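The values are calculated or read from the model by the stated rules, or taken from the named source; none is laboratory data. None of the values given here were measured: they were computed from a predicted structure. Here Cβ is always computed from backbone atoms with ideal geometry, including for glycine, and neighbour counts include all displayed protein chains.
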């Protein structure tokens with residue numbers, strides 16, 4: 001089932017962070033998510049001790065930056081473990097900063 005990317009980052013994830021702030025802070029990082037193409041956008045997610053929050057934009061200071069096209073984000077969201085590796089090694093999932101933090105995103109999205 002296709003995910004509404006805008007709804008996920010603008011409504012679902014922020015609500016989940018409010019509902020589960022301590023669990024979110026356990027991730028301990030700041031992310032910049034850039035989804036290109038139709039339905040995409042840029043979001044800053046702070047799940048460090050100073051968070052949690054998810055907001056539109058790219059203020060800088062992220063520990064890990066993820067850049068991916070909207071259709072590929074759909075694949076990643078459907079099956080993060082199997083598709084994440086495939087997308088990364090095919091160059092469709094770009095990770096900047098600390099790549100180990102990208103692996104923690106699955107825990108973050110499980111909250112939403």
* Determine, yes or no, whether residue 61 is in contact with a strand residue (DSSP E or B) (Cβ under 8 Å, 6 or more places away or on another chain), modelled with pLDDT under 95 and closer than 18 Å to residue 112 by Cβ. => no
* Is there a residue in the range 24-35 that is within 13 Å of the chain's Cα centre (by Cα), in a loop (DSSP other than H, G, I, E, B) and closer than 19 Å to residue 110 by Cα? -> yes
* Looking at (1) within 13 Å of the chain's Cα centre (by Cα); (2) surrounded by 15 or more Cβ atoms within 10 Å (Cβ to Cβ), can you tell me which one residue 51 breaks? -> (1)
* Filtered residue count, the range 86-112, keeping only those that are free of Cβ contacts under 8 Å to residues at least 24 places away in the same chain, farther than 17 Å from residue 31 by Cβ and in contact with a strand residue (DSSP E or B) (Cβ under 9 Å, 6 or more places away or on another chain) -> 1
* Answer yes if at least one residue in the range 7-19 is crowded, with 16+ Cβ neighbours inside 10 Å, within 10 Å of the chain's Cα centre (by Cα) and in a strand (DSSP E or B), and no otherwise. => no
* Structure fact -> Expected single match for surrounded by fewer than 17 Cβ atoms within 10 Å (Cβ to Cβ), in contact with a helix residue (DSSP H, G or I) (Cβ under 6 Å, 6 or more places away or on another chain), without any contact (Cβ under 8 Å) to a residue 60 or more places away in the chain and at positive phi among 37, 57 is 37
* State whether one or more residues within the range 60-72 are over 21 Å from residue 4 (Cβ atoms) and touching a residue at least 60 places away in the same chain (Cβ under 8 Å). => no
* Report yes if some residue within the range 89-97 is modelled with pLDDT of 95 or more, on the phi > 0 side of the Ramachandran plot and assigned to a loop (DSSP other than H, G, I, E, B); otherwise report no. => yes
